[in-house]
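Every number in this text was worked out from the coordinates using simple rules, so none of it is lab data. Please read these numbers as outputs of a predicted model, since none were measured by experiment. All Cβ positions, even for glycine, are placed from backbone atoms using ideal geometry, and neighbour counts span all protein chains on display.
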Amino acid sequence: MAGVELLPKEYGYVVLVLVAYCFLNFWMASQVGRARNKYKVFYPTMYATEAESKDAKLFNCVQRGHQNSLEMMPTFFMLMILGGIRHPVIAASLGALYTVTRFFYFKGYSTGDPKKRLSIGKYGFLAMLGLMVCTISCGVHMLID
């Protein structure tokens with residue numbers, strides 16, 4: 001437990017936001033599962049083709065919304081974990097914003113019109129930029145303290 005004591009008390013917010021994102025990821029995965037059943041796209045097929053399904057684009061948009069979130073998850077987690085060491089409340093706030101925008105990104109993408117992913121989802125990139133600043137600040141302060 002000695003390592004935990006080195007972190008600020010407020011780091012708990014960072015941990016809770018990371019868990020919230022995990023729940024969002026589980027929900028998105030379940031939506032892909034539902035889309036598989038609805039559009040008759042079965043494993044191991046990752047993406048549908050028009051030849052296989054007339055609803056290929058709709059399924060692929062649901063799948064792609066989740067896949068993109070998975071692709072971004074390691075970067076998001078790393079920035080949250082490291083940036084939160086020095087700036088736990090700011091990082092947790094930005095992480096919560098990112099999580100909410102990811103929900104809207106997924107919902108917009110799932111409509112079948114990929115442009116709708118950016119209506120609110122685009123603000124997630126601002127949250128990631130803020131997390132980068134927190135992480136850079138953490139690294140710089142570790143070097144000069």
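Taking all Cα pairs closer than 8 Å and separated by 6 or more residues, the relative contact order of the range 69-145 comes to 38 percent. For a straight C-alpha distance cut-off of 28 angstrom, the lysines reachable from Lys57 (same-chain residues fewer than eight places away being disregarded) are Lys38, Lys40, Lys107, Lys115, Lys116, Lys122.
I need to check one value: relative contact order of the range 8-145, counting alpha carbon pairs closer than 8 Å and at least 6 residues apart, in percent. Numbers along the way, then the final one.
Working: 177 pairs, mean separation 37.8, N = 138.
Relative contact order comes out at 27 percent.
Rounded to the nearest 20 debye, the dipole size of the chain about its Cα centre is 680 debye, using +1 on the Cβ of Lys and Arg and -1 on the Cβ of Asp and Glu. Scanning the chain for chymotrypsin sites (Phe, Trp or Tyr not before Pro) that sit in a DSSP loop and have at most 13 other Cβ atoms within 10 Å, the longest stretch containing none of them is 48-145.
Please identify the GluC sites (Glu not before Pro) of the range 7-81 that satisfy two criteria: DSSP loop assignment and at most 15 other Cβ atoms within 10 Å. Which are they? Before the final figure, lay out each step's value.
Details: sites: Glu10, Glu50, Glu52, Glu71; in loops: Glu10, Glu50, Glu52.
Sparse-neighbourhood loop GluC sites (Glu not before Pro): Glu10, Glu50, Glu52.
The Cα center of the range 74-94 and the Cα center of the range 100-145 differ in position by 12 Å.
Show that you can apply the helix-only estimate: for the chain, add -39,500 (n - 2.57) for every DSSP H stretch of four or more residues, divide by all residues, and state [θ] at 222 nm to the nearest 500.
-25500 deg cm²/dmol
Mind pulling the angle between the C-alpha long axis of helix 88-109 and the longest principal axis of the chain? Nearest 10 degrees, somewhere in 0 to 90. Here the helix axis deviates by roughly 10 degrees. To the nearest ten degrees, helix 56-86 and the longest principal axis of the Cα atoms of the chain are 0 degrees apart.
Taking the range 1-110, which trypsin sites (Lys or Arg not before Pro) meet the DSSP loop condition and have no more than 11 other C-beta atoms within 10 Å? Don't jump to the answer; show the numbers that get you there.
Working: sites: Lys9, Arg34, Arg36, Lys38, Lys40, Lys54, Lys57, Arg64, Arg86, Arg102, Lys107; in loops: Lys9, Lys40, Lys54.
Sparse-neighbourhood loop trypsin sites (Lys or Arg not before Pro): Lys9, Lys54.
Of the residues Met78, Val100, Gln31, the one whose Cα sits farthest towards the positive end of the charge dipole of the chain is Gln31 (charges of +1 on Lys and Arg Cβ, -1 on Asp and Glu Cβ, taken about the Cα centre). The angle between the Cα long axis of helix 11-39 and the main principal axis of the chain comes to about 10°, on a 0 to 90 degree scale.
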